[in-house]
Every structure is written in structure tokens, then in C-alpha cells.
1. Considering region 82-99 alone, what residues qualify as being of a type in the set (Ser, Thr, Tyr), outside any helix (DSSP H, G or I) and surrounded by 21 or more Cβ atoms within 10 Å (Cβ to Cβ)?
2. Say whether the condition of being over 13 Å from the mean Cα position of the chain (by Cα), open to solvent by 90 Å² or more (accessible area, probe 1.4 Å), modelled with pLDDT under 90 and of a type in the set (Gly, Ala, Ser) is met by at least one residue in region 31-43.
3. May I ask you to list the residues in region 100-135 that are within 14 Å of GLY21 (Cβ to Cβ), open to solvent by 50 Å² or more (accessible area, probe 1.4 Å) and out of contact with any Ser or Thr (no Cβ under 6 Å at 6 or more places or on another chain)?
4. Within region 55-69, restricting attention to residues that are in a loop (DSSP other than H, G, I, E, B) and crowded, with 19+ Cβ neighbours inside 10 Å, which residue is modelled with the highest pLDDT?
5. Out of curiosity, is ILE79 in contact (Cβ under 8 Å) with a residue 40 or more places away in the chain and not in a loop (DSSP other than H, G, I, E, B)?
Amino acid sequence: NTSNILRQGVSVAIVGKPNVGKSSLFNALLSLDRAIVTDIAGTTRDVLKETLDLGIAVTLVDTAGIRDESDNKVEAIGIEYSKQSLNDADLVLFVYDSSLGMSEEDSEIYDLVKNKKHIVIANKCDLIEERKENIVYLSALTGEGVSELKQTLTQKLLLQLLLPSLHPLSLRFIF
């Protein structure tokens, strides 16, 4: 409800398969190097949380890459934490690597996200030319599109989470 959102903020989980740039996006949104970023799949194994101020307090959640199986016990636990974070989030940022296109693995992860409030993000847009509608294109590496994502995120949080939970009489004071 509105009072909980205003008091505690909202939870926004960044999810996708390994190496699509989730931690790079986490760092870019925060404007600081909080998450370790490498080209090694499975670098993020635990859930990282930081607060982002978008006019509403946002708990931004960086998660381990979701994949079917991992031989590493610690990474497998991280994947389960990622799925739990996805389920607990008020809004999900689903990230895929636009330079590779949407793979079958990406589609399987998107199936976990599609019935939740979400934003589809095509990362690494600096490596492609073609763009589709209803997808936020950005490059967490260069910063291209990050400010636009923040605007989209703020609008989505206000329109889909905060305003619908307000009492109809209180809307007359907003508009």
C-alpha cells in the first residue's frame, strides 16, 4: 500500500542470465562501483542491495545470473536467491545482451518475469544498430541510456505502484 511504499520504498531486482551486464547496470544506476564486474560467468553469487533515490526510496537488488544448472554449490545458492529476489520485488529489471539477441535461456528467464511489473532492458546497445519498441536500450559500460532508464523507472514506479494504491479522494490534491 501507499504508506508502506512511502515509508519503506520499493524493491527493484535486476535479473537475467550470467554476463548480460546486471552488475554493470547496478553500478551505473548507483553511479559507483559497488558490485564486482568481470567477464567470468558467475562472478556475482550473492544478492547485493543498495538504496537509490528517485524521489521514492528504491532498494536496488543485484542478483546472480540465472541459469539451469551450476556445478558450483555457492553459485547454485546464489541462483536460488536470485529467483527469490525476483519473486519478492515490486518491479523487475529484466536484462539481456542485445549484441547476442534474446536467446532461449533469456526467454526462459523472461517467463519467470512476464507476469510481474517489469522493464525489459537490452544492454550493450553500443554494439548493435537495430532497435525494437517497448524495450529500454542502454549500455551500462558507456552510460548511454542510463538516465533514460532512471526516468522510465521513476514513471513506472509512480504510475503502476504508487498512484493505483492512493485513495481516489487524495488524487485531487496531486492533479
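1. If the condition is that a residue be of a type in the set (Ser, Thr, Tyr), outside any helix (DSSP H, G or I) and surrounded by 21 or more Cβ atoms within 10 Å (Cβ to Cβ), then TYR96, SER98 are the ones that fit.
2. Taking every residue of region 31-43 in turn, at least one turns out to be over 13 Å from the mean Cα position of the chain (by Cα), open to solvent by 90 Å² or more (accessible area, probe 1.4 Å), modelled with pLDDT under 90 and of a type in the set (Gly, Ala, Ser).
3. Of everything in region 100-135, just one residue is within 14 Å of GLY21 (Cβ to Cβ), open to solvent by 50 Å² or more (accessible area, probe 1.4 Å) and out of contact with any Ser or Thr (no Cβ under 6 Å at 6 or more places or on another chain), namely LEU100.
4. Filtering first and then ranking leaves THR63.
5. Here the answer is no, as ILE79 does not meet what is asked.
The values are calculated or read from the model by the stated rules, or taken from the named source; none is laboratory data. Being a predicted model, the structure only gives us computed values, none of them experimental. Using ideal geometry, Cβ is built from the backbone for each residue, glycine included, and neighbour counts are taken over all protein chains shown. Accessible surface is based on the protein model in full, side chains and every heavy atom, while ligands, DNA and RNA are left aside. Shrake-Rupley method; radii C 1.70, N 1.55, O 1.52, S 1.80 Å.
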